[in-house]
Each structure stands twice: as C-alpha cells, then as structure tokens.
Amino acid sequence: MSFLADSLSRVKPSATIAVTQKARELKEAGRDVIGLGAGEPDFDTPDNIKEAAIDAIRRGETKYPPVAGIAPLRKAVAEKFRRENQLDYKPEQVIVGTGGKQILYNAFVATLNPGDEVVIPAPYWVSYPEMVLLNGGTPRFVECPIETGFKLTPEALAAAITERTKWLVFNSPSNPSGAAYSRVELQALTDVLLRHPQVWILTDDMYEHLLYTDEPFATIAEVEPRLCERTLTMNGVSKAYAMTGWRIGYAAGPKRLVDAMVMVQGQQTSGACTIAQWASVEALNGPQDFVAKSRAVFQERRDLVVSMLNQASGLKCPSPEGAFYVYPSCAGAVGKRAPSGKVIETDEDFVSELLETDGVAVVHGSAFGLGPNFRISYATSTEILEDACARIQRFCNRLS
Ligand SMILES: Cc1ncc(COP(=O)(O)O)c(C=O)c1O
C-alpha cells in the first residue's frame, strides 16, 4: 500500500515556483542571475492598507472570522462588483478565501465528480489543470495559438464542449500570455456558452486592473447577464494592490455554489486571516490612486520589454493587452546551437541554456501548455529589465 495519495501521482509541482527557486539557489551560490519568473508586483503594499491592518490588530480583530469572510469585506466586495463591473451581487453571494488560489480550489472541491471535464484554454495559469486533477476532474485543453493572439475563439470553444463539461475556466487578462478579451470577443464566447446550459463559467479576473487598452475591462457575467446564474466571478487583492503575501482572494456567484464553497472552507481553514481581511476592506474602499499609478508603470515596462525582445534574433514577441507578462515565441531559436554546444530542441532547452549562459531565469511555455514560447514577468525595475533583455538579445544573437 502506498503511503502517498494516488491523486498526487497525477499532479506536477509548479514550474514557476521551480524557476524562482532555481534562480534563488544560483544567486546564493554567487552567480549573477536575474529572476523574471515570479508573478508578483515588485511594489510595496500601499501605506493606508498597512495601517488598516495595524489598526485591526490594535482593535483586537484577532479571533476566528466568519468562515465566508468578515461582513465589512463581503460588503466591500459586493460594492466593488457593482461599482467597477456593473454586477449586482449581494454580500451573501460573496466568499473570501486565502488567496484567489484557494477560491478556485474550493470551487473545484465543491463541484467536481470523477469524469467531469473542465475546459482550459492554453496557454493557462499552471495551477488550473493541477487543481482539476487533484479533485478528480479531467482538464480539456484548447490550444490558443499566437495567431489568434493566444485567445480562445468561439469555434474552438464550441468544439471543446461535451455533455460532460462542467466548467470553462476563463482568465482575462491572462497569465501567462497577457492576452485580454474585448467586449465583442467576450460576446462571441458568451453566445456559444448560452447554447450549453450544463457549462459553468469560472472567470478569473485577477489582472482586471492591469489592462492597457483604451476599452475598459469587461467580465463575462456583465457582458451576458443571462450567464450570471452559472458564473463564478473571481478576483483578489494580490495583483491590484501589491498584496500577494496577505493572501486574500474573493468571488461571487450563485448562492448555492457559494454556500457549498463556504462549507468546504469551514472544514479547511475556518476562513481567511482577519487582519488581512481588514487590510483588504481598506484596499477596496480606500483611495484607488495606487492602481492607476502601478498600471502606468507596468505599461511602460511592457513597451520596453516587447521592443527589446523583438530585436533579439529568432524571437517574436506580441504586445499583450494586459497583466505583467510577455509570452514570446522562441520557435526561431529551435534547431540552433547554444554557446555551450547544445542544440536547442524545445522551449525548455531554450530557458535552461539562457539561465546557464547569460543568467536570466524565465519560465518555458510548455509548462503553461503552449510552446515553443517562454514567459517573462516584467514586474521588476526598468534597470533590471533592460539588463535582462540585453542579456536575452546577446544569448539569441550568439545562437548558430
Ligand atoms: C491567473 C491567476 N489566478 C489566480 C492567481 C492566484 O492569486 P492569489 O492566490 O495570490 O490571490 C494567480 C497568481 O499568480 C494568477 O496568476
């Protein structure tokens, strides 16, 4: 009898965490390494949010929270959805969890039965398929190539849906590609979804505020209110307010789904950290100038990185609409010989040679289900990005 659970044999460790760890180890060993693997803003959490947490500690908000979230935060989330997304959720339809990651996990625990399929457009955030597998579901990947801007088309969505499809996991702006859907593009997808009443939609809007298009952000339940009754709208404070370490995410959806997720959470964590929840109340209700400022900085960095990467021989880097990632194709480098003498056959070879030769840590695209590409997180300073992109250019220009 094996000690570890059989379900573990179906999952992989996170490639993004592995790259970050490798870069850290090389640095500790004295190597000059730039890590562009981690998906978190380099900014500090704004002071007003920190102060709200300190006040909460002083007031003694240090007891177990209500499982679904403290009432002021559920209310702030419902108001946020009304103010920013024109969505009419009641606080009872809101769940707060320990990061968006746990919200997703709760949703899958609460709904997946063996054989249930989950449609996941690729490239995807590394955790989606693993969470589905851990909960006995079957991921059904849909390739969204560079030619469609890494976006899901209505035809590809329709072809992926079967009678066993329980969820579509939808992420815009996307990690890892940065692709963000316009309202018209969303409508084309919601038209397909309306025809398939068995399919629920889990929309991960984590990068909502990091959008660089003229058109404002739109989410599925807003674009097609008839889908509201089978949509879970997920979001969080990690990326918008530089709060990755506070671990607060939230979602709103039909009450029977949210109630089931709350029940799961009640047997799991008993609810998210109260102090971080009070900080999140301030994040959502307090001044929002930080959001606009960080968006402007990220947009400048995106333009810098896209322009420098497109000057590297063999790389093709589309300019993404959102998030803080670029997802260049390295197809032009495949088949070439690296300075070490090794022939690059895959994107994984490309990133490991780049790390060994020029000390830049990025994540290979095949880890996100679509390659040969790689992901760069540009959530780091302009000086570091300039240095990293110059090294990538040097590496690519030396391939023969
Ligand atoms: C697309 C996407 N969804 C969800 C998350 C989870 O965010 P958190 O658990 O920090 O709220 C991340 C974090 O990297 C992400 O990139």
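The values are calculated or read from the model by the stated rules, or taken from the named source; none is laboratory data. Since we're looking at a predicted model, the values are computed, not measured. Cβ sites come from the backbone with ideal geometry, for glycine too, and all protein chains shown count toward neighbours. All accessible areas refer to the heavy atoms of the entire protein, side chains included, with ligands and DNA or RNA removed. Shrake-Rupley method; radii C 1.70, N 1.55, O 1.52, S 1.80 Å.
Observations on the structure shown:
- Selection status of Val237, in contact (Cβ under 8 Å) with a residue 24 or more places away in the chain, open to solvent by less than 10 Å² (accessible area, probe 1.4 Å) and within 11 Å of the ligand (Cβ to nearest atom): yes
- Cβ pairs under 6 Å, 6+ apart, first in region 170-197 and in contact (Cβ under 8 Å) with a residue 12 or more places away in the chain, second open to solvent by 40 Å² or more (accessible area, probe 1.4 Å): Asn175/Trp125; Ala180/Glu321; Ser182/Glu215
- Test: Val109 is of a type in the set (Val, Ile, Thr), over 26 Å from Phe324 (Cα atoms), in a helix (DSSP H, G or I) and under 21 Å from the mean Cα position of the chain (by Cα): yes
- Residue match in region 245-255 (condition: out of contact with any Asp or Glu (no Cβ under 6 Å at 6 or more places or on another chain), part of a loop (DSSP other than H, G, I, E, B), open to solvent by 30 Å² or more (accessible area, probe 1.4 Å) and under 13 Å from Thr45 (Cβ atoms)): yes
- Of residues in region 328-355 being open to solvent by 30 Å² or more (accessible area, probe 1.4 Å) and of a type in the set (Ser, Thr, Tyr), the one farthest from the chain's Cα centre (by Cα): Ser340
- Taking region 356-379 as the range and being touching a residue at least 60 places away in the same chain (Cβ under 8 Å) and either more than 24 Å from the chain's Cα centre (by Cα) or surrounded by fewer than 21 Cβ atoms within 10 Å (Cβ to Cβ) (or both) as the test, only Gly359 passes.
- Any hit, region 37-47, residues being under 28 Å from Pro139 (Cα atoms) and modelled with pLDDT under 80: no
- Every pair of residues 6+ apart whose Cβ atoms lie under 7 Å, when the first sits in region 136-153 and is more than 13 Å from Ile120 (Cα to Cα) and among the small types (Gly, Ala, Ser) while the second is in a loop (DSSP other than H, G, I, E, B) and open to solvent by less than 40 Å² (accessible area, probe 1.4 Å): Gly136/Leu112; Gly149/Ala179
- For region 141-191, filtered to residues that are open to solvent by 10 Å² or more (accessible area, probe 1.4 Å) and among the β-branched types (Val, Ile, Thr), the residue that is farthest from the ligand (Cβ to nearest atom) is Thr162.
- Boolean, Asn106 is of a type outside the set (Ser, Thr, Tyr), within 16 Å of the ligand (Cβ to nearest atom) and farther than 23 Å from Lys255 by Cα: no
- Conditions (1) surrounded by 20 or more Cβ atoms within 10 Å (Cβ to Cβ); (2) within 16 Å of the ligand (Cβ to nearest atom): number failed by Ser127: (1)
- Pick from region 192-230, criterion within 16 Å of the ligand (Cβ to nearest atom) and not in a loop (DSSP other than H, G, I, E, B), ranking: nearest to the chain's Cα centre (by Cα): Asp204
- Filtering region 131-140 to residues that are farther than 18 Å from Gly371 by Cβ, open to solvent by less than 30 Å² (accessible area, probe 1.4 Å) and within 16 Å of the ligand (Cβ to nearest atom) leaves Met131, Val132.
- Top-ranked residue of region 77-114 - restricted to ones that are charged (D, E, K, R) and in contact with a helix residue (DSSP H, G or I) (Cβ under 7 Å, 6 or more places away or on another chain), ranked as least open to solvent (accessible area, probe 1.4 Å): Lys80
- Pairing residues of region 95-115 that are touching a residue at least 12 places away in the same chain (Cβ under 8 Å) and closer than 17 Å to Asn175 by Cβ with residues that are within 8 Å of the ligand (Cβ to nearest atom) and open to solvent by 40 Å² or more (accessible area, probe 1.4 Å), at Cβ distances under 6 Å and at least 6 apart in sequence or on separate chains, gives Gly99/Arg247.
- Close pairs (7 angstrom Cβ cut-off, 6 or more residues apart or separate chains): over 17 Å from Glu130 (Cβ atoms) in region 1-27, surrounded by 15 or more Cβ atoms within 10 Å (Cβ to Cβ) and of a type in the set (Val, Ile, Thr) anywhere: Ala23/Val33; Leu26/Val33; Lys27/Val33
- Test result for Glu300, more than 21 Å from the chain's Cα centre (by Cα) and more than 16 Å from the ligand (Cβ to nearest atom): no
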